[in-house]
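Structure first, commentary second.
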Amino acid sequence: MATRHFLTLLDLSSEELDYLIARAIRIKSELKAHGPDYTPFANRTLAMIFEKSSTRTRVSFETAMAQFGGHALFLSPRDTQLGRGEPIGDTARVLSEMVDAVMIRTFSHADLEAFAEASSVPVINALSDDYHPCQLLADMMTWVECRGAIQGKTAVWIGDGNNMCHSWINAARQFDFTLRVCCPEGYDPDPAIVTAAGDRVSILRDPRQAAEDADLVTTDVWASMGQEQEQSARERAFKGFQVTEAMLDTAASDVLFLHCLPAHRGEEISTTLLDDPRAVVWQEAGNRLHAQKALLEFLLLGHID
């Protein structure tokens, strides 16, 4: 099988993504029923390169490899020659000789693409400044688990047009739902990414209008990693964009709320929103494990009947 990478949701077909969601739900069900007795990754190693801090990403990938009978190797910039200036392509070629797959959490998406181009083993984007596709696998899995088929439904993104927003736009394309992006002027997502999505995506400025009759509402922190110096300016710009229980009341009666976490209560969400029964963020966070298991299995072993 030719080497496949997962840098954005567009690297897989809609049919392959549907398969991953169904497979992740099955893996989760079998784990709960039988424990971690399915171990297809004996003697397999996943190298994990982290240039950004992480809780959910590191724990979910390490646990996924352990439960599948494999091994995850954590590498920070201090642990590799990348931190001392080794060319990205050289590191990729070396790791390709030693490990079975590489997961990277980094700043530059272009560097991630350069690494994948030089790698002969699968490379997974575990977050870059442009995209966070692994989170969207968990998000789509959660939506399907809770509400069934999502084709033709309406989701709302409220907040910054950041890497998460870009991946939600790609998800609308690949999973065939409508996405309303609601952000203040000056914080729009990349126009090229929006244009490529066609009529599946629209840009709005009024959060309450955007949330009206929506099937799902989601958001993210106002200042992502690396933007901490912009916190005060962003708080001013995003005033009025906080997601609250009252906002969800204007959405569909069975609306779901998602958040990739960590959440800043009292900023992008009200202080009590995560306690609302419409918020399924803990299930969403836990689904990172199962969705990434399905992804790793697919990239290394292909379809499993």
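Values in this text are rule-based calculations from the coordinates and carry no lab data. This is a predicted model, so every value here is computed, not measured. Every residue, glycine among them, receives a Cβ derived from its backbone with ideal geometry; neighbour counts consider all protein chains shown.
Structure summary
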{"quantity": "Inter-centroid distance (Cα atoms) of the stretch 136-186 relative to the stretch 247-262, Å", "calculated": "12"}
{"quantity": "Additional length obtainable on full extension of the chain from Leu301 to Ser76, 0.36 nm per residue less Cα span", "calculated": "78.3 nm"}
{"quantity": "Residue of Met103, Met247, Met140 that the Gaussian network model of the chain assigns the largest fluctuation, springs spanning Cα pairs under 10 Å", "calculated": "Met247"}
{"quantity": "For the stretch 1-77: rounded, prolate or oblate by the Cα gyration tensor [a/c cutoff 1.5]", "calculated": "oblate"}
{"quantity": "Virtual spin-label span in nm between Ser53 and Leu204, 7 Å along Cα→Cβ", "calculated": "3.5"}
{"quantity": "Estimated FRET transfer efficiency when R0 is 35 angstrom, pair Arg93-Asp275 (beta carbons, to 0.05)", "calculated": "0.10"}
{"quantity": "Pair Arg26, Gln229: separation of 7 Å Cα→Cβ label points (nm)", "calculated": "5.0"}
{"quantity": "Kirkwood hydrodynamic radius (C-alpha pairs) into Stokes-Einstein, the chain, 10 °C and 1.306 mPa s, D in µm²/s", "calculated": "80"}
{"quantity": "Ellipticity estimate at 222 nm from DSSP helix runs (n ≥ 4, -39,500 (n - 2.57)) divided over the chain, nearest 500", "calculated": "-12500 deg cm²/dmol"}
{"quantity": "Compactness relative to 2.2 N^0.38 Å, alpha carbon Rg of the stretch 135-284", "calculated": "0.95"}
{"quantity": "Cβ crowding within 10 Å averaged over residues, with 85-93, 169-177, 126-134, 207-215 ranked highest first", "calculated": "126-134, 169-177, 207-215, 85-93"}
{"quantity": "Cα-based Rg and Dmax for the stretch 25-115, where Dmax is the largest Cα-Cα distance (Å)", "calculated": "14.8, 47"}
{"quantity": "Alpha-carbon Rg with Dmax, taken over the stretch 92-185, Å", "calculated": "15.7, 47"}
